[in-house]
Amino acid sequence: RDLGDASGVVEVTMADAGRRNALGAAMLGGLHDALDHAAAVGCRAMVVRAEPGVSTWSAGYDIESLPVDGTDPLTWTNPLEALLHAVEQAPFPVIAAVEGGVWGGACELVLTCDLVVAVRTATFAITPARLGVPYNTAGVAHFLSALPLNVAREMFFTADPVTAPDMADYGVVNRIVGDADELAETSLALATRIAARAPLAIQAIKGEMTALTGARSLTSDDFERLTELRRRAWTSADYQEGVRAFREKRTARFTGE
């Protein structure tokens, strides 16, 4: 919703609680369209949030979208990567207003946003190791640019949730709030403050920050080696077992094969 032409603020609410706001084609397309609309109406700051009171901000990349036919489950050109690129390239800051759990690819979406406001009880988990999914190299680079290396390793290797206060300590979360009402008030106040500043200067500075914090270029040998490691994972029995266990709502039994 546009919060009045004078404010320059657009608020976007993910509203598919029945599917825990999973980042499927419809959700990703809706968020992408919202970014395009915001740019068209002269948005100066955007807030992305879920409906108040949810237990899950977003369950991450839609598991039903993952292929099980031996093809790469997370290509460099998948719809999630396209959305993240759009957030990075948006000509205005994007604020993630987080309540509830943030899982997998949704963590990457939050970390790609320019600022994060989170309810104290929110949690963040990078979950591909629970499913046997080899996260793509661009995605791993995103996490490494936003998190200390040892923290990223622990989150990837354990898939355990990290609290919002801890994420604030790691430099990810800008503001911690007490509840959904304070989340809405704080995130919109922050967006309104940003919208009152010089938009062209902010656009230029955001572009510079995006360029200066990008991952280093990979050599062709690096790329081939990493692609082969990922191919072994996405064609493995463990990958099939991880996706099957998720759909059957049980703990996966991985064998390393």
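The values are calculated or read from the model by the stated rules, or taken from the named source; none is laboratory data. What you see is a predicted model, and the numbers here were worked out from it, not measured in a lab. All Cβ positions, glycine included, derive from the backbone under ideal geometry; neighbour counts span all protein chains shown. These accessible areas exclude ligands, DNA and RNA; they are computed on the full protein's heavy atoms, side chains included. Shrake-Rupley method; radii C 1.70, N 1.55, O 1.52, S 1.80 Å.
Checking the structure you have, find out if any residue of region 15-32 is touching a Ser or Thr at 6+ places or on another chain (Cβ under 8 Å), outside any loop (DSSP other than H, G, I, E, B) and within 23 Å of residue 200 (Cα to Cα). Checked region 15-32: no residue is touching a Ser or Thr at 6+ places or on another chain (Cβ under 8 Å), outside any loop (DSSP other than H, G, I, E, B) and within 23 Å of residue 200 (Cα to Cα). Residues in region 113-125 include at least one that is touching a residue at least 24 places away in the same chain (Cβ under 8 Å), open to solvent by 10 Å² or more (accessible area, probe 1.4 Å) and of a type in the set (A, V, I, L, M). Could you tell me whether residue 215 is modelled with pLDDT under 90 and open to solvent by 30 Å² or more (accessible area, probe 1.4 Å)? Considered against the rule, which asks whether it is modelled with pLDDT under 90 and open to solvent by 30 Å² or more (accessible area, probe 1.4 Å), residue 215 comes out as yes. Please go through region 113-144 and pick out each residue that is among the small types (Gly, Ala, Ser) and more than 28 Å from residue 243 (Cβ to Cβ). Listed by number, the list holds a single entry, 118.
Cβ-Cβ contacts under 6 Å between residues 6 or more apart (or on different chains), taken from a first residue in region 176-189 that is under 18 Å from residue 8 (Cβ atoms) to a second residue that is buried (at least 19 other Cβ atoms within 10 Å of the Cβ) and at pLDDT 95 or above, are listed as 186/117; 186/177; 187/47; 187/95; 187/97; 187/117. Note on region 170-200: residues that are among the small types (Gly, Ala, Ser), open to solvent by 50 Å² or more (accessible area, probe 1.4 Å) and part of a helix (DSSP H, G or I) amount to 1.
This table checks each residue for (1) in a helix (DSSP H, G or I); (2) in contact with a Ser or Thr (Cβ under 8 Å, 6 or more places away or on another chain); (3) open to solvent by less than 10 Å² (accessible area, probe 1.4 Å).
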position: 129; (1), (2), (3): yes, yes, no
position: 134; (1), (2), (3): no, no, no
position: 155; (1), (2), (3): yes, no, yes
position: 168; (1), (2), (3): yes, no, no
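From the set of residues in region 78-127 that are among the β-branched types (Val, Ile, Thr) and in a loop (DSSP other than H, G, I, E, B), which is nearest to the chain's Cα centre (by Cα)? So, considering only residues that are among the β-branched types (Val, Ile, Thr) and in a loop (DSSP other than H, G, I, E, B), the one nearest to the chain's Cα centre (by Cα) is 126. Name every residue in region 40-59 that is more than 20 Å from the chain's Cα centre (by Cα) and surrounded by 13 or more Cβ atoms within 10 Å (Cβ to Cβ), in order of residue number. Answer for region 40-59, where residues must be more than 20 Å from the chain's Cα centre (by Cα) and surrounded by 13 or more Cβ atoms within 10 Å (Cβ to Cβ): 42, 43, 44. Residues in region 136-151 that are over 18 Å from residue 173 (Cβ atoms), open to solvent by 10 Å² or more (accessible area, probe 1.4 Å) and touching a residue at least 60 places away in the same chain (Cβ under 8 Å): 3 in all. Can you say whether residue 164 is at pLDDT 95 or above and of a type in the set (A, V, I, L, M), as far as the supplied structure shows? So residue 164 passes the test. Out of 94, 102, 98, 9, one residue alone is touching a Leu at 6+ places or on another chain (Cβ under 7 Å), crowded, with 24+ Cβ neighbours inside 10 Å, modelled with pLDDT of 95 or more and under 30 Å from residue 212 (Cα atoms). It is 9.
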